[in-house]
Every structure is written in C-alpha cells, then in structure tokens.
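One structure is given below, encoded as structure tokens.
Just so it is clear, none of the values below were taken in a lab; they were calculated from the coordinates. Keep in mind that what you see is a predicted model, and the values were worked out from it rather than measured. We place every Cβ from the backbone using ideal geometry, glycine too, and count neighbours over all the protein chains shown.
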Amino acid sequence: MQLNGSTRSVLFLCTRNAARSQMAEAILRAHGGERFEVHSAGLEPGEIDPLAVQVMHESGILLTNHRPKSAAEYLGRRSFTFAITLCDPSEDDCPRMFLGALQHLYWPHPDPSLSVGTDEQRLDAYRRLRDRLSETIQGWLADVSSAPQPALMA
C-alpha cells in the first residue's frame, strides 16, 4: 500500500490504548495536520481513561471520536511508516514492536493511571504526560519534516 507522496502513517502503541497512545494520536493529529495518517492501538485495549479525556479537553483537543483498539485490528492488514511505542520499560506486557512498520521508535512514558494521591495530584500526572507528549511530538515533527520519506512496500 502506498500513501500519497506527502502523507506518512503512524501507529502509537501501548498496553491498553486508554491514555498514552490515545493522547499521542490526538496530539499528532492536531499538530501534524494532513501530513500524517494517525492511529493508536494496544495489546489489551480498555476503556479510554476519563482523566486523559479531561486533560486533553483542557488543551483544546477532544478525544470524543476515539475508541480503544487492539493492535490485532492492524496486524497483517496495514503497513505504517512509523510504529511508536509509549510504554514504560517496566511494563512486561508492552508491545515492543509492530510487524508491518518501516521504522520503530520507543518513547517511554509512565502509565498515568498508576499515579497515586489526591484527585488533583492524579490530574497533574496526566497533564505532565500530555505536555511531555506534546513536546516530544513537536520536536519529532521538526526532525521528520526535514527527513526523506521511506518508500512503503506494496
């Protein structure tokens, strides 16, 4: 499958596709525009985390049309230019690679659902994740925009 010459496809991966990968997908869509076809998935998809929805809404990005997806939905059915894993290294069930991706990147971030404390402290963990993902993605966009696009195999 070949996408048009200026569009690159990205798959964000994490364990449950409930917060990190959903947030990254939405951030890249917001900042990458039409240059990227963006997806997210997890090994054991769960419900989208309401705190992730809340902090993304605070930044003006809605997760309204998002749904949790299994990596199996894409395996053998889709090729991606980039597969980006977001799990913390300590997570045993983290997807470490995705067959059908030309490049694998690893951007480890702790699971915000494991944060403890008051409601405000927990929200702060999600806000920090949102902000770190945004910084990482914007820096990556600057790098990838100047790099040649690898050719996808049919």
| field | Sorted peptide list for 126-139, 35-48, 65-78, criterion being average Cβ within 10 angstrom, highest first | value | 35-48, 126-139, 65-78
| Quick one: Karplus J couplings for region 129-144, per residue in order, coefficients 6.51, -1.76, 1.60, θ = phi - 60°, nearest Hz, x for Gly and Pro? | 4, 4, 5, 5, 4, 4, 5, 4, 5, 5, x, 5, 4, 5, 5, 6
| Alpha carbon convex hull of the chain, volume per residue in cubic angstrom | 103
| query | Going by a 4.7 Å Cβ-Cβ cut-off, which cysteines of the chain have no partner at all? | reply | C14
| query | With labels modelled as points extended 7 Å from the Cα through the Cβ direction, what inter-label distance (nm, one decimal) is found for L75 paired with R29? | reply | 2.5
| message | Taking θ = phi - 60°, what integer Hz values does the Karplus form 6.51 cos²θ - 1.76 cosθ + 1.60 yield along region 108-113, in sequence order, with x for Gly and Pro? | response | x, 9, x, 6, x, 5
| task | Can you tell me the relative contact order of the chain? Whole percent, Cα pairs under 8 Å, sequence separation 6 or more. | result | 27
